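Accompanying notes for the structure given below.
The values are calculated or read from the model by the stated rules, or taken from the named source; none is laboratory data. If you're wondering where the values come from, they're calculated on a predicted model, not measured in any experiment. Note that each Cβ is placed from the backbone with ideal geometry, even for glycine, and that neighbours are counted across all protein chains shown. Note: accessible area is taken over every heavy atom of the protein model, side chains too, but ligands, DNA and RNA are not part of it. Shrake-Rupley method; radii C 1.70, N 1.55, O 1.52, S 1.80 Å.
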Amino acid sequence: MELVCTLCGRTDEAAPDARTCPHCGVEGILDVVYDYDQVRRELTHVSLAANPERSMWRYLPLLPVSPDTPRPNLRLGWTPLYRADRYARAIGLRNVYVKDDGQNPTASLKDRASAVGVVKAVEAGATTIACSSTGNAGSSLAGNATAAGLRSVIFVPERAPQGKLAQLLLFGATVVMVKGDYEDAFRLSAEAIDRWGWYNRNAALNPYLVEGKKTVSLEIAEQLGWKAPDWVAVSVGDGCTVAGVGKGFVELHKLGLIDRVPRVLGVQAEGCAPLYRAFKEGVERFVPEPEETLADSIAVGVPRNPVKALRAVRGSNGEMVTVTDDEILAAMRTLGRNAGVLAEPAAAASFAGLAKAAATGLIRPEEVVVGIVTGNGLKDVRSSLRAAGEPIHIGPDLSELERALAARA
Ligand SMILES: *Cc1c(COP(=O)(O)O)cnc(C)c1O
Ligand SMILES: [Zn+2]
């Protein structure tokens, strides 16, 4: 395993506390590369079929952790992939699958990254691990850290939804709520990490976290019987998730485990879409934007992983779209009612993007599509209620109920 700089291409040894390229500074995001000949011998369709491990750790040869390091004692990954026919019809498609990553230990895809971060912190000999977070990176870090016996310090912006805040505090993190937006929380966390020498879980800067996130793609491919879908839709904030999703498929292709790479549909919120606009202009530089969307997990005005994110989408011959908050709320409803899966706003954004791509003809009806639920809807009950509509309000009276039901029919 080695680290390669995404800017200058220099290679470096993979120290457990590695961050960005020593030559390029914070913009020199590092990428983990493996000895793929070795991995090809260890990870095969046959070896995986015989592997009883029902978690993301079943892909250990393709993960940047030593098999001997203790791991958080939680069931990470191997989340369900549902075929969702009724949902598919509702958005005008025929073959849609829902990857429910809300079923991770702390109810978001971020658990995959935090678990790897915690293992690397242990390898680095750290006792405290820290990050800034719109909510899920922090709650997943807090949960995985405590399960592995580490302390965590989490910086969140004031707007973090209550469900995520409750998780952070219950998992025993030191929670620093920063007056300001995510960017302010990020900057303070970086200064504090420098000052106190904590292990840094900030997703773009720590090259190992994307490796955890990519396991969602490894699972999708395996759960589809090693037939790559035509499209995978994922929402985009900092860009680490989409980078991980893309890398997972590229590596499977390199290893000969799938015969093509699916197109990645990256979805941003209209009210905060710096990476979408950079994508459309064909550049790798973005212009910072205000964070104006209810999808708090992707409200990232200064994304930290633009290069990896944009290359993942472009490299897959993918596309990017934006969706409005109303479209996100509608997607939460459509998914809940037709598939029985609750998505938080940022997660529903990818499904709103699918619906839009289906409506504009970008995705053809017969194509095989996977949408990723990156976080569970119960994390943000206030937005879920906004999307949900009203219950029937009546007294304990059958005839009142009869009238109310008739009025609804
Ligand atoms: C973090 C997050 C995303 C986006 O991931 P980035 O790495 O920030 O692009 C999407 N959905 C949910 C629920 C998240 O928590
Ligand atoms: Zn470099």
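Annotations for the structure displayed:
- Annotation note: Cβ proximity below 7 Å between a residue of the range 234-245 that is in a helix (DSSP H, G or I) and a residue that is open to solvent by 10 Å² or more (accessible area, probe 1.4 Å) and within 16 Å of ligand 2 (Cβ to nearest atom) (sequence gap 6+ or interchain) occurs for Ala243/Lys308.
- Every listed requirement among (1) aliphatic (A, V, I, L, M); (2) open to solvent by less than 10 Å² (accessible area, probe 1.4 Å); (3) within 16 Å of ligand 2 (Cβ to nearest atom) is met by Leu205 save one, (2).
- Exactly one residue out of Tyr87, Tyr82 is touching a helix residue (DSSP H, G or I) at 6+ places or on another chain (Cβ under 7 Å), at pLDDT 95 or above, of a type in the set (Phe, Trp, Tyr) and surrounded by fewer than 19 Cβ atoms within 10 Å (Cβ to Cβ): that is Tyr82.
- Considering the range 294-310, the residues that are over 16 Å from Asn202 (Cβ atoms) and crowded, with 24+ Cβ neighbours inside 10 Å include one that is nearest to the chain's Cα centre (by Cα), namely Ile298.
- Residues that are open to solvent by 20 Å² or more (accessible area, probe 1.4 Å) and not small (Gly, Ala, Ser) do not occur anywhere in the range 128-141.
- Residues in the range 33-44 that are β-branched (Val, Ile, Thr) and assigned to a loop (DSSP other than H, G, I, E, B): Thr44 only.
- For the condition crowded, with 18+ Cβ neighbours inside 10 Å and touching a Phe, Trp or Tyr at 6+ places or on another chain (Cβ under 7 Å), Val178 qualifies.
- Considering (1) more than 23 Å from Pro80 (Cβ to Cβ); (2) surrounded by 12 or more Cβ atoms within 10 Å (Cβ to Cβ), the lone condition that Ser350 does not fulfil carries the number (1).
- Single residue of Thr374, Thr360 found to be surrounded by fewer than 16 Cβ atoms within 10 Å (Cβ to Cβ) and closer than 30 Å to Ala299 by Cβ: Thr360
- Any pair with Cβ under 9 angstrom, 6 or more apart, that starts in the range 264-278 at a residue that is without any contact (Cβ under 8 Å) to a residue 24 or more places away in the chain and ends at one that is of a type in the set (Val, Ile, Thr) and open to solvent by 10 Å² or more (accessible area, probe 1.4 Å): Arg277/Val287; Arg277/Thr322
- Condition met for Gly28 (open to solvent by less than 10 Å² (accessible area, probe 1.4 Å) and within 16 Å of ligand 1 (Cβ to nearest atom)): no
- Residues in the range 5-25 that are near ligand 2 (Cβ under 9 Å from one of its atoms), free of Cβ contacts under 8 Å to residues at least 40 places away in the same chain and open to solvent by 40 Å² or more (accessible area, probe 1.4 Å): Cys8, Gly9, Arg10, Asp12, Pro22, His23, Cys24.
- All of Phe155, Phe186 fail the test of being part of a helix (DSSP H, G or I), among the hydrophobic types (A, V, I, L, M, F, W, C) and closer than 19 Å to Ala295 by Cα, apart from Phe186.
- Unmet requirement for Pro157, which otherwise passes all of (1) surrounded by fewer than 24 Cβ atoms within 10 Å (Cβ to Cβ); (2) modelled with pLDDT of 95 or more; (3) within 19 Å of Thr241 (Cβ to Cβ): (2)
- Selection of first residues in the range 392-409 that are assigned to a helix (DSSP H, G or I) and of second residues that are open to solvent by less than 100 Å² (accessible area, probe 1.4 Å), restricted to Cβ pairs under 7 Å at least 6 apart or on distinct chains, gives the following pairs, ordered by first then second residue: Glu400/Ile394; Leu401/Ile394; Ala404/Ile392; Ala404/Ile394.
- Being out of contact with any Leu (no Cβ under 8 Å at 6 or more places or on another chain), without any contact (Cβ under 8 Å) to a residue 60 or more places away in the chain and more than 16 Å from ligand 1 (Cβ to nearest atom) is a description that does not apply to Arg58.
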